[in-house]
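*Asks:* What follows is a structure written as structure tokens; I'll ask about it next.
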């Protein structure tokens, strides 16, 4: 069953013992960050609802996505891999042969049709319309000491392609300048930036805050430009996202959002934004970004303000990133069927490193996969790629490093290339562009120029392993997990 809105989700978190309400006064300037960051780095902790926030009458919610369990609860799955299974069931649709196949196909098509957003006449997000639109009453956090100001960090930013009218929803940080102006940090490779580059003299923007967890997640999903993020949310929720027309903008916004900010950007108007302590673990520098002029602020009664902290990994965005990793594995396999699995390490800030296992079928197959990844959507921003054989668990970094250390000859197996890099990457000398590296850690074949005989990996026989497992109580050695197979 989908969560109707943020409040429905909070009720579930309370019932499951996953929410802690803090009644002591807290300051959104740095103090909330330190509290949340300590919890995340000690294993996650509960979601936090601060009900007494200095300078605001709105409760502040943070840490809702900080554990794997809560992410699974949000999506209604036992494990995040189940998200990929849902997507794969649709991607694998083929022309039905028999009656049973036709019935199954109809069910999948109906699920997709039912995923489309549903427009309604009114919604709780407009229960209150501020007479004078202002950001001042919101508990917008200043997260880190050198941040350029307070930042909205968990928004769903809604724009429309000026050429096609197609909606885009993205999660872009917003720096508050004053009560009615802010900066929209949509990075150069993102869809909203493309909408902005193609705009006329003015482009309308809406910012939805406080959504059900799946719809909030969908704003961060790296979807192709022609796919509606709210449709993805409807598909994953099993229920369509209800939308209502904005009060001052010709855009539709989630009807059950806690808070909606409406406004516009004007062509050519830029203002310095930043610094900001980002998910790379470093401050991103000051850069000019479009100025949002606020034309309306609407909200529910007793609206709850959501936030998230990013910084030195791991941060709360860990499980948002892992949900994306699992969700998009089937799509990657559609274009690269040889891919068995992949992992985007948290410490690599997701976009800096990818580990990929493949079913190797021909010489230099690993290089084909590297170049395919460097040419695929936002995966093209990946800086380093490690390719391993199919039996290697890409999520076990000990296994991966064993393969890299044992199988890679740097003179033969390292691929150096150049291409686009993430907007936030401070390493390249030129912004947005720099070097890329790939490591072929697969076993090498004679047809790849390996003239020697590739060695066999060490592994105990099944007979002896089973014998020792059976006799373990006789040894009297207090060791657990005695049936483990070792690193391979």
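*Asks:* For region 171-228, evaluate the Debye formula with one uniform point scatterer on each Cα (no solvent term) and list log10 I(q)/I(0) at q = 0.14, 0.29 Å⁻¹, rounded to two decimals.
*Replies:* -0.47, -1.38
*Asks:* What Rg and what Dmax come out for region 237-385 when only alpha-carbon atoms are used, in angstroms?
*Replies:* For region 237-385, the Cα-based Rg and Dmax read 20.3, 63 Å.
*Asks:* Please compute, for the alpha-carbon atoms of the chain, the extent along each of the three principal axes and give them in descending order in Å.
*Replies:* 77, 60, 54
*Asks:* Hey, another quick one. Sequence gap at least 6, Cα distance under 8 Å: using those rules, report the relative contact order of the chain to the nearest whole percent.
*Replies:* 14
*Asks:* Points 7 angstrom from Cα along the Cβ direction at residue 430 and residue 130: gap in nanometres?
*Replies:* For the pair residue 430/residue 130, the computed spacing is 4.3 nm.
*Asks:* Under a point spin-label approximation (7 Å from Cα along Cα-to-Cβ), what is the residue 450-residue 466 distance to one decimal in nm?
*Replies:* 3.1
*Asks:* In region 153-298, if every C-alpha pair distance is counted and binned at 5 Å from zero, what percent goes to each bin?
*Replies:* All Cα pairs, binned at 5 Å, distribute as 2, 10, 20, 24, 22, 14, 7, 2, 0 percent.
*Asks:* While we're here: Find the Cα radius of gyration of region 336-448, compare it with 2.2 N^0.38 Å by division, and give the number to two decimals.
*Replies:* Dividing the Cα Rg of region 336-448 by 2.2 N^0.38 Å gives 1.02.
*Asks:* Write down the percent of antiparallel bridges among all DSSP beta bridges whose residues are both part of the chain, to the nearest 5.
*Replies:* Within the chain, antiparallel bridges account for around 75 percent of the total.
*Asks:* How big is the gap, in Å, between the Cα center of region 272-334 and the Cα center of region 337-416?
*Replies:* About 26 Å separates the Cα centre of region 272-334 from the one of region 337-416.
*Asks:* Just the Cα atoms of region 268-318: what Rg and Dmax do they give in Å?
*Replies:* My reading of the Cα-based Rg and Dmax gives 15.1, 37 Å.
*Asks:* Kindly rank 134-140, 451-457, 161-167 from highest to lowest mean number of other beta carbons found within 10 Å of each residue.
*Replies:* By packing density, highest mean first, the sequence is 134-140, 161-167, 451-457.
*Asks:* For every helix of n ≥ 4 consecutive DSSP H residues, a contribution of -39,500 (n - 2.57) applies; sum these over the chain, divide by its total residues, and give [θ] at 222 nm rounded to the nearest 500 deg cm²/dmol.
*Replies:* -8000 deg cm²/dmol
*Asks:* Stretch residue 458-residue 361 to full length: gain in nm at 0.36 nm per residue minus the Cα-Cα span?
*Replies:* 32.6 nm
*Asks:* If packing is taken as the average count of other Cβ atoms within 10 Å, what order do 62-73, 191-202 fall into, highest mean first?
*Replies:* My ranking of the peptides, most packed first, is 62-73, 191-202.
*Asks:* So, one more: In Å and whole numbers, how far do the C-alpha atoms of region 194-271 stretch along each principal axis, longest first?
*Replies:* 40, 28, 21
*Asks:* Evaluate the relative contact order of region 336-448 (contact order divided by residue number), counting alpha-carbon pairs under 8 angstrom at least 6 apart; express in whole percent.
*Replies:* 27
*Asks:* Taking each pair of distinct Cα atoms in region 130-187 once, what is the resulting Kirkwood hydrodynamic radius in Å?
*Replies:* Taking every pair of different Cα atoms in region 130-187, averaging 1/r and inverting gives 12.9 Å.
*Asks:* Right, something else. Cβ neighbours within 10 Å, averaged per peptide: list 336-348, 311-323 in order, most packed at the top.
*Replies:* Order by mean packing, descending: 311-323, 336-348.
*Asks:* Here is a further query. Any chance you could give the angle, 0 to 90 degrees and rounded to 10, that helix 99-113 forms with the longest Cα principal axis of the chain?
*Replies:* Relative to the chain, helix 99-113 is tipped by roughly 40 degrees.
*Asks:* Place a label point 7 angstrom from the Cα of residue 395 along the Cα-to-Cβ direction, then list the residues of region 55-83 whose backbone nitrogen is under 20 Å away.
*Replies:* Label zone hits: 65-83.
*Asks:* While we're looking at this one, here's another question. To test your reading of the geometry: what angle, between 0 and 90 degrees and rounded to tens, separates the Cα axis of helix 31-41 from the longest principal axis of the chain?
*Replies:* Taking Cα atoms only, the helix is inclined about 20 degrees.
*Asks:* Next question. Arrange 382, 23 by Cβ neighbour counts within 10 Å, fewest through most, would you? Mind showing how you got there, number by number?
*Replies:* Values: 382 25, 23 9.
The most exposed by this proxy come first: 23, 382.
Every number here is computed from the coordinates shown, using simple stated rules; none is lab data. None of the values given here were measured: they were computed from a predicted structure. Positions of Cβ are generated from backbone atoms using ideal geometry, with glycine treated the same way; all protein chains shown enter the neighbour counts.
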